[in-house]
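**Student:** One structure is given below, represented as C-alpha cells, and several questions about it will come after.
Values in this text are rule-based calculations from the coordinates and carry no lab data. Remember, it's a predicted structure, so these values are computed and weren't measured experimentally. Neighbour counts run over all protein chains shown; Cβ positions are idealised from the backbone, glycine included.
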Amino acid sequence: MKVCLLGAGYYAQFHLAAWSRLPGVEVVGIADLDAMRARLAVAAWPAAKVFSEAQDMVHECKPDLVDIITPEATHGPLVGLLAGKVRTLMCQKPMAPTLQAARAMVDAARQAGTELLMHENFRFQPWFRESRRLLDNGVLGVPQQLTFRFRPGDGRGPDAYLQRQPYFRT
C-alpha cells in the first residue's frame, strides 16, 4: 500500500513510525508548507518525495491513502480538495471545528467515492492495549466502571503547547 502524509508537524513523527512497522506499506510522499520540515520528517524514507502542495503530491505519487496530520481547521478544505483523487483519506482528530463542517467532510467524501477515516492514535498506547488484554483474559473480572486519567499537566500554563503544538494555544 502506498501512503502519503500531509503535514510534517509534531505528530508526523509518530505516524511515520507507525507506518514503518506495517508490512507492505510504503511511504511515498509527504507534503507540508514548510519543505525543510517535510524533508527532516522523512529522512528515514529516502524514496519518499517532498511536496509543498497536497494536490501535487497526490497527482505525482498516486497513493492508496493520504494520512492528514494537520490542524482541524484544515481538514475540511483538504478533504474537499482530495476527495475523489485518492481512495482513502485519514484525518487526525479532532475531525472538524464544528458539526456542520464534519458533516460537509463526510458528504464530500461520500459523493466522491472516497473512504474517510478519523484517526485516534491513543487507543494503541501500551496501557490501553494492556488493559484490553487483562479484560479479555478475565484478569479483572466483569468491569462495572472504568475511569482513565492521564497527562494531568497537559494544557496548563502559558507555554503549555508552545514547543510541540503552538496552534493548540488558541
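**Student:** In nm², what is the average projected area of the convex hull enclosing the Cα atoms of segment 39-130? Walk me through the numbers on the way to the answer.
**Tutor:** Details: hull surface 28.7 nm².
Average of the hull's projected areas for segment 39-130 equals 7.2 nm².
**Student:** By how many nm would the segment from LYS85 to SER20 grow when fully extended, if each residue of separation counts as 0.36 nm and the alpha-carbon distance is taken off? Walk me through the intermediate numbers first.
**Tutor:** Numbers: separation 65, 0.36 × 65 = 23.40 nm, distance 2.40 nm.
The span from LYS85 to SER20 would gain 21.0 nm if fully extended.
**Student:** Suppose every K and R has +1 on its Cβ and every D and E has -1 on its Cβ; what is the size of the dipole of segment 30-122 about the Cα centre, in Debye to the nearest 20?
**Tutor:** In debye, rounded to 20, segment 30-122 gives about 100.
**Student:** Using θ = phi - 60° and the Karplus curve 6.51 cos²θ - 1.76 cosθ + 1.60, what whole-Hz ³J(HN,Hα) does each residue of segment 113-120 get, with Gly and Pro shown as x?
**Tutor:** These are the phi-based 3J(HN,Hα) values: x, 9, 6, 10, 10, 10, 10, 9 Hz.
**Student:** Which residues among segment 1-31 fall inside the zone where the amide N is under 20 Å from a point 7 Å beyond the Cα of ALA47, along Cα→Cβ?
**Tutor:** 1-6, 15-31
**Student:** Report the calculated FRET efficiency for ARG133 and THR74 (r = Cβ-Cβ distance, R0 = 35 Å), to the nearest 0.05. Provide the component values of the computation, followed by the final result.
**Tutor:** Numbers: r = 36 Å, r/R0 = 1.03.
It comes to 0.45.
**Student:** For a protection proxy built on the mean count of beta-carbon atoms within 10 angstrom, sort 63-71, 80-88, 28-36, 3-11 highest first, please.
**Tutor:** 3-11, 63-71, 28-36, 80-88
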